[in-house]
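For reference, the structure is listed below as structure tokens.
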There are 2 protein chains.
Amino acid sequence: MVATRNPLNIGAAARAMANFGFSRLRVVAPYDVAFREARSAVGAAPLLQAAEDVPLLSDAIADCRLVVGTTSIGHRELQHPIRRLEYGARLIQRALAQAPVALLFGSEKFGLSNDDLSHCHWLMRIPTVDANLSMNLGQAVALCLYELARDPKAALARPEKIRAASAAEQEQVTAMLLDALRQSGYINPRTAGSTEEKVRRLVRRLDIASRDAPVVMGMLRQILWKLKDSK
Amino acid sequence: MVATRNPLNIGAAARAMANFGFSRLRVVAPYDVAFREARSAVGAAPLLQAAEDVPLLSDAIADCRLVVGTTSIGHRELQHPIRRLEYGARLIQRALAQAPVALLFGSEKFGLSNDDLSHCHWLMRIPTVDANLSMNLGQAVALCLYELARDPKAALARPEKIRAASAAEQEQVTAMLLDALRQSGYINPRTAGSTEEKVRRLVRRLDIASRDAPVVMGMLRQILWKLKDSK
């Protein structure tokens, strides 16, 4: 994080790093008070306490083999290739397997300076709908780290399905519901046949889960008991 | 957003919504001061000004066909199916094509209450490395909206490649560099042949971009001029 002004953003960045499994935070020339405040905040995370305060960007990135700047596109004339977050993150993942990578975030107001950018191999942007509307710094850090940690397979994986009630359970529910409807006078004897079929179809459409079937039957049982009792 | 305490988080959520193309923010029973502060903040976004303040969750979600709660897993016993953000977002996208969907965020401290959760069809969680470490609310909103707006194709798309210098350009650079090395006495006449080859291979490895070739040649031309001038 280069020249960060707001201590809340340093704290938010550290929290997002902890959330997604990143550990080395380097803060380059922050507004002194901001950084000290963030670091000494009550319950400051270990990650924040271990953050290194480095005066020069060149020192902060010295051990990295790839340096990627973040930018909101269109805020200046850019001399670098720009990659969208979804794609850039794949490149960074690949590079991380070999050596440390630096991901730079500029100040809230001005982003990275042209001097900062000249240290970068390429730039990455978050694909917002309006390129001129910049993002909140803490949110931008969270999005980049989320995408870096994101598992594309998780988007396809089907979670375990909730087991539907069996036909026998559905028919038990149907029978009890029909009994209650008869007791309460809902069913017209002249159309009883077609009503039964309607109720049966309705119960199927409800798609009751197997674990919910006993609950539904318990409700109906109690209602039936009360209906018969009140006669 | 249900029972939000911190006005900064309402503001951050509104900003993330604008960034990713969402427009309807409903705030359920916020701490009054917080919401008014956020809404009247200097430069409050139109989206925030248009946010609806609704006392009851059931009213806030009344027009929605799917209601999804967000949760950090493991903070209570959950009766709902839980889906990871990557997968849940696909389901929400599909549902959004048909009808409005509500995405609920609870308070900073307690998340959604059991009563709030009972209005949900299912729950969604952000896959953090440590399930017990909750996320910052503004960041959580940003991540969910980013994933909803995310284009999986963008992860695969190759951006346009920077055009490499042609062999002719590379050879021009090589010739000028060799000239400069000769003028400066770098090349030992006895090993000149192998040095030339080394320099040629080095220039190829540099993989100079076509647009950078004139710049490099301009530098070398100036150095050569000075070298010859100083003889």
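The values are calculated or read from the model by the stated rules, or taken from the named source; none is laboratory data. In this text, all values refer to a predicted model and were calculated from it rather than measured experimentally. In this analysis, Cβ positions are derived from the backbone assuming ideal geometry, glycine residues included, and neighbour counts consider all displayed protein chains. For the accessible areas, the whole protein counts, side chains as well, though only heavy atoms, and no ligand, DNA or RNA atoms are used. Shrake-Rupley method; radii C 1.70, N 1.55, O 1.52, S 1.80 Å.
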Failed condition for A:Val33, given (1) under 18 Å from A:His119 (Cβ atoms); (2) without any contact (Cβ under 8 Å) to a residue 40 or more places away in the chain: (1)
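Of the residues that sit in the range B:41-64 and are assigned to a helix (DSSP H, G or I) and under 24 Å from B:Ser118 (Cα atoms), which one is nearest to the other protein chains (Cβ to nearest Cβ)?
Out of the qualifying residues, it is B:Ser58.
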When restricted to B:Ser113, B:Ser118, the only residue surrounded by 14 or more Cβ atoms within 10 Å (Cβ to Cβ), more than 10 Å from chain A (Cβ to nearest Cβ), over 22 Å from B:Ala16 (Cα atoms) and of a type in the set (Ser, Thr, Tyr) is B:Ser113
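Working only within the range A:1-40, note down all residues that are part of a loop (DSSP other than H, G, I, E, B) and more than 13 Å from chain B (Cβ to nearest Cβ).
Passing the criteria: A:Met1, A:Ala3, A:Thr4, A:Arg5, A:Arg24, A:Leu25, A:Ala29, A:Pro30, A:Tyr31.
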Single match in B:Pro55, B:Pro7 (criterion: open to solvent by 80 Å² or more (accessible area, probe 1.4 Å) and not hydroxyl-bearing (Ser, Thr, Tyr)): B:Pro55
Go through (1) in contact with a helix residue (DSSP H, G or I) (Cβ under 7 Å, 6 or more places away or on another chain); (2) within 11 Å of another protein chain (Cβ to nearest Cβ) and name the single condition B:Leu178 misses. (2)
If A:Lys153 satisfies every condition in (1) more than 14 Å from chain B (Cβ to nearest Cβ); (2) surrounded by fewer than 16 Cβ atoms within 10 Å (Cβ to Cβ) but one, which is the exception? (1)
For the range B:185-209, the count of residues that are open to solvent by less than 70 Å² (accessible area, probe 1.4 Å) and touching a residue at least 40 places away in the same chain (Cβ under 8 Å) equals 2
State whether one or more residues within the range A:100-111 are closer than 17 Å to B:Leu143 by Cα, under 23 Å from the mean Cα position of the chain (by Cα) and in a strand (DSSP E or B). no
With respect to B:Glu108, is the statement that it is within 14 Å of chain A (Cβ to nearest Cβ), open to solvent by less than 40 Å² (accessible area, probe 1.4 Å) and not β-branched (Val, Ile, Thr) true? no
Looking at (1) open to solvent by less than 20 Å² (accessible area, probe 1.4 Å); (2) not in a helix (DSSP H, G or I), which is the one condition that is false for B:Ser134? (1)
If I filter the range A:210-231 down to residues being among the aliphatic types (A, V, I, L, M) and open to solvent by 60 Å² or more (accessible area, probe 1.4 Å), which single residue comes out as nearest to the chain's Cα centre (by Cα)? A:Val215
Here are B:Leu96, B:Leu103: which of them is within 26 Å of A:Arg150 (Cα to Cα), open to solvent by 30 Å² or more (accessible area, probe 1.4 Å), away from every other protein chain (no Cβ under 14 Å) and at pLDDT 95 or above? B:Leu103
